[in-house]
1. Anything over 20 Å Cα to Cα? Flag those among 68/105; 178/200; 178/207; 9/48; 17/68; 65/178, in the order listed.
2. On a 0 to 90 degree scale, rounded to 10, what angle separates helix 7-19 from the longest Cα axis of the chain?
3. Calculate the length of the line joining the C-alpha centroid of the range 18-41 to that of the range 81-118, in whole Å.
4. With no solvent and one point on each alpha carbon, what is the Debye value of log10 I(q)/I(0) for the range 162-222 at q = 0.17, 0.22 Å⁻¹?
5. When only DSSP loop residues count, what chymotrypsin sites (Phe, Trp or Tyr not before Pro) in the range 120-222 have their Cβ near at most 13 other Cβ atoms within 10 Å?
6. Out of residues 5 or more away from residue 47 or on other chains, whose amide H comes under 5 Å of its own, with H placed 1.01 Å from N in the peptide plane?
7. Taking the Cα-to-Cβ direction at residue 97 and at residue 24 and moving 7 Å from each Cα, how far apart do the two end points lie in nm?
8. With +1 on each Lys and Arg Cβ and -1 on each Asp and Glu Cβ, how big is the dipole of the range 42-123 about its Cα centre, in debye rounded to the nearest 20?
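The values are calculated or read from the model by the stated rules, or taken from the named source; none is laboratory data. The structure presented is a predicted model; accordingly, all values stated were derived computationally and were not measured. Neighbour counts are summed over all protein chains in view; Cβ atoms, including those assigned to glycine, are modelled from backbone coordinates with ideal geometry. Remember, those area values only see protein heavy atoms, side chains included, never the ligands or the DNA or RNA. Shrake-Rupley method; radii C 1.70, N 1.55, O 1.52, S 1.80 Å.
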Amino acid sequence: MNDVITPEKQEILDKLKAFYPMLEPTLMREIANNSLMREFGTGEILMKPGQFFKSTMLITKGRVKVYKEGDQGSEFFMYYLEPGNACALSMICAARQEQSELLAKTIEPTEVILVPIAIMDNLMANYRTWYYFVLESYRNRFEELLNLIDHTVFKGLDERLEFYLKKQRDAFKSDELKITHEEIANDLGTSRVVISRLLKSMEQAGKLKLNRNAIDLKNMSV
C-alpha cells in the first residue's frame, strides 16, 4: 500500500474521520489511499437500474434520494442517503458483481467518496470495522424497507402520506417542507389531485398548514 498521503488523500482521510469515525485508523488510511472524492450537482443520477458498479459510495455532503423505478417509468421513493451513510446496495451488488435495481438521484449538491470494488474483498477480510459497517448499513436499509412495506401494504393512503411527511421532516430537520404536491404524488405512486385533497383534509384537521410552495408541519405529532 502506498503510504504517501497527498493533499487529495488527506482530504478524504479528514472526511472519513469526520463522518465515519467507527472505522479503524488503518482502514481509513487504506480507503484514503485507494479512493476518489467526487462532487455532484443537484439532480444528477448516481446509479440507475441495470448499472454495474465500479465502486461503492460513502456520502460526505448533501443528500441522495433512492427510488425503485416502475415498468412504465414511474418512481417510488424508498429512502435517503445522507452524510455518514453508505449505499448498501452498491456494496452488495459490487461485491457480487450484480446490476443495480434502484435509481439514486442527488437532491442537493452532494459529495461522495468512491471506494473501488477492487479492494472490497480485502476490506471485508482484513478490517473488522468495515465488515460490521457493511452489515450495519445493510441492516438499516432493510429495516427502513420493512417499515416502508408496512405503511405501503397495510395502511391507507392518508396514513402513508402522514408517515411520508414525517420522514421528510426528519430527513431535512425542518418543520417547513419545500416540496410540491406533484413530487409527493410521484414518490407515493398516486396522483397530484389525490395528494392535494388529502393535504387539504389534513390542514382542516389541524395537522399541518399549506403555504405557497411549502408545507408547515409544526402541529403534526412526532
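1. Pairs exceeding 20 Å: 9/48; 17/68.
2. 50 degrees
3. With the range 18-41 and the range 81-118 each reduced to a Cα centre, they are spaced 14 Å.
4. -0.50, -0.87
5. Numbers: sites: 127, 130, 131, 132, 133, 138, 142, 154, 163, 164, 172; in loops: 127, 154.
Within the range 120-222, the qualifying chymotrypsin sites (Phe, Trp or Tyr not before Pro) (loop, at most 13 other Cβ atoms within 10 Å) are 154.
6. Hits under the 5 Å cutoff: 104.
7. 2.9 nm
8. Numbers: 8 positive and 10 negative charges, 21 e Å.
Approximately 100 debye in magnitude.
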